[in-house]
Amino acid sequence: MNRSNRTERVLATVLGALALLVGGAAVVLHRFAVDRPVLDPVVLDWARGHLLPVRVGLLALGLLAVLLGLLWAWRAIRPERHPDVRLDDVVVTARALAAAVRADAEQVDGVDGARVSVVGTPALRLRLTLRHGADLARVWRELDGRVLSRARDALGVDVLPAAVRLDLAKRERQRVRQAVPPGRMAGWRSR
Amino acid sequence: MRVLLRVLSPLLGVALAAAGALVVFAVARHWAGRPWPTWPDWSWVDRPVLVVGACLAVGGLVLLVVAARSGVSQVPLDDPADGVRVVTTPASLARVVGHRVRAEDGVADASVTASRRRVRVRATSRLHDEATLRPRLLEVARAALADLPMPARPKVSVVVLSPKDRP
């Protein structure tokens, strides 16, 4: 399972919808030949009459945009954290824990490969690729029975948050063609 | 589309922050007694307004499409334990059903498309007509889905293409 991009998608959707609305309104007003200034004098007069709230409002809006924009950019570029897990007086590195869980997951019948990341203290993200024709229901059962329960026992926790994605591999394309009967080939060759 | 969103996100974030900083700067400048920045005296009928508006609308539409297409569609499976969330993909669901349908006697080939709510099977057969094969394949596809630990089962539809049905 990939890192979630839900926040980025929500922000892009909001910004896209706003741009579409404003741009669309400008095009429509142009199309209907509304001959008024873009900065409407009525609005400007009202703003001059209420200067303090307008200033404060614009300032708040600007600061909100700065904060939101920086958070958005930081969230998009920051590397994902893989925290180590502390067990009493021993620290298990995220890499070691991921490798152990991956080795267990790859032992499950039907699993072709596994990618495991530690994404919390402790929380796991697993992506299992199953062979074509593998029994998905059995893998689902064994995943908790053999892999995650073992990890829970090892870490001494009752609940181990995990996000798991099961991908079934494609069937392989048939790369062998049916043989031509030898008699016919022999006849062709003899001609 | 996921990659495009990952590339666009920091750029859009920085652009939004820069726009916000410009507004803050202009307000602070005005508060200090300076005039507002000069703004072109455009009317709605002026051509630059149409160009800027059209660019904004197209950019917004592109952004909406990128945001909509960059999500990974998932099919939830039952949670095997507290805190454990298991999902699979529509393609995997289609492969589970396709594997079972292709194993049926008389099925030459089958293509399956699946979503969270619906599974569509399109099988070809040289030996059986649709009236004979369709009920059996429907049962097989439903049984394949029934074996899966799913909170909600998708609806199944089956179409059989057979030379025997040709008039």
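The values are calculated or read from the model by the stated rules, or taken from the named source; none is laboratory data. Worth saying up front: this structure is predicted, and the values here are computed from it rather than measured. Counting neighbours? That spans all protein chains shown, and the Cβs are built from the backbone with ideal geometry, glycine included.
Some points to look at:
- For the range A:74-96, taking the residues that are surrounded by fewer than 15 Cβ atoms within 10 Å (Cβ to Cβ) and β-branched (V, I, T), the one that is farthest from A:T129 (Cα to Cα) is identified as A:V90.
Table: residues versus (1) without any contact (Cβ under 8 Å) to a residue 24 or more places away in the chain; (2) of a type in the set (K, R).
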site: A:T13; (1), (2): yes, no
site: A:L21; (1), (2): yes, no
site: A:A25; (1), (2): yes, no
site: A:F32; (1), (2): yes, no
site: A:R36; (1), (2): yes, yes
site: A:L61; (1), (2): yes, no
site: A:L64; (1), (2): yes, no
site: A:L68; (1), (2): no, no
site: A:A73; (1), (2): yes, no
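- Single unsatisfied condition, B:V27 versus (1) in a helix (DSSP H, G or I); (2) under 30 Å from A:S4 (Cβ atoms): (2)
- Test set (1) farther than 19 Å from A:A65 by Cβ; (2) within 8 Å of another protein chain (Cβ to nearest Cβ) - B:V27 fails condition number: (1)
- Lone qualifier among A:D112, A:D88, A:D84 - being more than 27 Å from the chain's Cα centre (by Cα) and within 30 Å of A:R146 (Cβ to Cβ): A:D88
- Odd one out for A:A99, checked against (1) more than 21 Å from B:L22 (Cβ to Cβ); (2) surrounded by 13 or more Cβ atoms within 10 Å (Cβ to Cβ); (3) more than 7 Å from chain B (Cβ to nearest Cβ); (4) within 24 Å of the chain's Cα centre (by Cα): (2)
- Among the residues listed as B:P76, B:P90, B:P35, the single one being more than 7 Å from chain A (Cβ to nearest Cβ) and touching a helix residue (DSSP H, G or I) at 6+ places or on another chain (Cβ under 9 Å): B:P35
- Total residues in the range B:133-151, condition free of Cβ contacts under 8 Å to residues at least 24 places away in the same chain and more than 14 Å from chain A (Cβ to nearest Cβ): 4
- Residue ID - farthest from A:V34 (Cα to Cα), chosen from residues in the range B:42-64 that are at the interface with chain A (Cβ under 7 Å from one of its Cβ atoms) and in a loop (DSSP other than H, G, I, E, B): B:W42
- Filtered residue count, the range A:1-29, keeping only those that are surrounded by 13 or more Cβ atoms within 10 Å (Cβ to Cβ), at pLDDT below 90 and not aliphatic (A, V, I, L, M): 4
- Test: B:S9 is in contact with a Phe, Trp or Tyr (Cβ under 9 Å, 6 or more places away or on another chain) and among the polar types (S, T, N, Q): yes
- If the condition is being closer than 16 Å to B:G59 by Cα and either of a type in the set (K, R) or not in a helix (DSSP H, G or I) (or both), then the range A:1-51 contributes only A:R9.
- Selected residue (criterion: farthest from B:G20 (Cα to Cα)) from residues of the range A:74-96 that are within 14 Å of another protein chain (Cβ to nearest Cβ) and not in a helix (DSSP H, G or I): A:E80
- Residue among A:R165, A:R127, A:R102, A:R189 that is modelled with pLDDT of 90 or more and more than 30 Å from B:V101 (Cβ to Cβ): A:R102
- Exactly one residue out of A:L64, A:L71 is at pLDDT 95 or above, at the interface with chain B (Cβ under 8 Å from one of its Cβ atoms), touching a helix residue (DSSP H, G or I) at 6+ places or on another chain (Cβ under 8 Å) and surrounded by 13 or more Cβ atoms within 10 Å (Cβ to Cβ): that is A:L64.
- Just one of the numbered conditions (1) out of contact with any Gly (no Cβ under 6 Å at 6 or more places or on another chain); (2) surrounded by 17 or more Cβ atoms within 10 Å (Cβ to Cβ); (3) outside any loop (DSSP other than H, G, I, E, B) is not true of B:P80: (3).
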